[in-house]
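The values are calculated or read from the model by the stated rules, or taken from the named source; none is laboratory data. Everything quoted here is computed from the prediction, not taken from an experiment. Here the Cβ positions follow ideal geometry from the backbone for every residue, glycine too, while neighbour counts run over all protein chains shown.
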Amino acid sequence: MNTTNQQSKIGLITGGSRGIGKSIALHAAKRGMGVILTYNSNPEQGEAVAKEIIDNGGKAVALKLDSGKIGSLEGFINQVTEVLKKEWNRSDFDYLVNNAGIAQRTLIKDTTEEIFDELVNVNFKGVFFLTQKIIPLIKEGGQIINISSGLARFAFPTVAVYGSLKAATEGLTRYFAKEYAGRKIRVNSVAPGAIDTEFGGGKGDEAHRQQIATMTALGRLGEADDIGAFVASLLSDDSRFVNAQRIEVSGGMFI
Ligand code: NDP
């Protein structure tokens, strides 16, 4: 039974076509929420997630978004406005999940300016400007969740820029929470541990997966659904006093 009135809510989930974002989209829809999800390079996967939701009695639309292309954000937001009107007869929505992200594994000594800029554009600049530009459409009392990473707390070789940008995103979470408190918009970050998706080329061979499991109190790698189920549960009025927080969902990595 849905006790938290999620039925009347609409969530926009970036990178909702695969991995963690797909799981967030499916779990949100299962709770009765309307879903706008985005894909970047693979429209078929985005459409397939929307279809899965619709086939199960929910409501969903898939849109193209490249969050690294700041100039394309206005056009994307116009599309969101049209979809809200057409599908839900609304001019606003309730929840934004900034989930889309990329990884590029290089040691600091091998990190070029090109790699650095690409990581910044998608994982940080895109998050800042999409949120800045779309926040007027977020309903008073709504929520933004920024997907961060355990790598904002602990360090591994080859992910220095990525991990630092996730730490920056956690900082940004608090600043957005501060500036938009007047509209009662809550802003939180969820930091997954190592999750078994295709992200950054996947989690490698069995030995590496085993190594991750031994670093984790619960003794295993995370699944996309471990994050999707949690984020969907956070997208509700039950979490109405949770604001400006970093919540790690890692099964207890490096504790
Ligand atoms: P995946 O690689 O499985 O999925 C990435 C998603 O982001 C896809 O929907 C992809 O769309 C979309 N995407 C990629 N590039 C862009 C872009 N330039 N603009 C907009 N969308 C884009 O990743 P995960 O699901 O594993 O990761 C999701 C989030 O979780 C990321 O922010 C990541 O940093 C974070 N995270 C992941 C962890 C893990 O171990 N997997 C651990 C901690 C955090 P398309 O396929 O169409 O290009």
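Observations on the structure shown:
- Residue list for region 209-243, restricted to those being of a type in the set (Gly, Ala, Ser), closer than 17 Å to Asp94 by Cα and part of a loop (DSSP other than H, G, I, E, B): Ser236
- Matching residues, region 49-68, being of a type outside the set (Gly, Ala, Ser) and in contact (Cβ under 8 Å) with a residue 24 or more places away in the chain: Val49, Glu52, Ile53, Asn56, Lys59, Val61, Leu63, Lys64, Leu65, Asp66
- Test for Glu114: is it within 16 Å of the ligand (Cβ to nearest atom), among the acidic types (Asp, Glu), without any contact (Cβ under 8 Å) to a residue 24 or more places away in the chain and exposed (fewer than 14 other Cβ atoms within 10 Å of the Cβ): yes
- Qualifying residue in region 189-200 (condition: part of a helix (DSSP H, G or I), charged (D, E, K, R) and under 18 Å from the mean Cα position of the chain (by Cα)): no
- Among the candidates Gly222, Gly252, the residue that is buried (at least 18 other Cβ atoms within 10 Å of the Cβ), of a type outside the set (D, E, K, R) and modelled with pLDDT of 95 or more is uniquely Gly222.
- Restricting attention to region 157-182 and to residues that are free of Cβ contacts under 8 Å to residues at least 24 places away in the same chain and within 17 Å of Arg246 (Cβ to Cβ), the residue that is surrounded by the most Cβ atoms within 10 Å (Cβ to Cβ) turns out to be Gly163.
- Among the residues examined, Ile24 does not qualify as surrounded by fewer than 24 Cβ atoms within 10 Å (Cβ to Cβ), at pLDDT 95 or above and under 23 Å from Gly142 (Cβ atoms).
- Whichever residue in region 183-210 is surrounded by fewer than 13 Cβ atoms within 10 Å (Cβ to Cβ) and within 14 Å of the ligand (Cβ to nearest atom) and, among such residues, is farthest from Ala232 (Cα to Cα): Gly204
- Each residue in region 46-81 was checked for being in a loop (DSSP other than H, G, I, E, B) and either of a type in the set (A, V, I, L, M) or surrounded by 16 or more Cβ atoms within 10 Å (Cβ to Cβ) (or both), and 6 pass.
- Complete set of residues in region 67-94 that are of a type outside the set (Lys, Arg) and within 16 Å of the ligand (Cβ to nearest atom): Ser67, Gly68, Ile70, Gly71, Ser72, Leu73, Glu74, Gly75, Phe76, Ile77, Gln79, Val80
- Given (1) touching a residue at least 12 places away in the same chain (Cβ under 8 Å); (2) more than 6 Å from the ligand (Cβ to nearest atom); (3) of a type in the set (Gly, Ala, Ser); (4) out of contact with any Lys or Arg (no Cβ under 9 Å at 6 or more places or on another chain), index of the condition Ser17 fails: (2)
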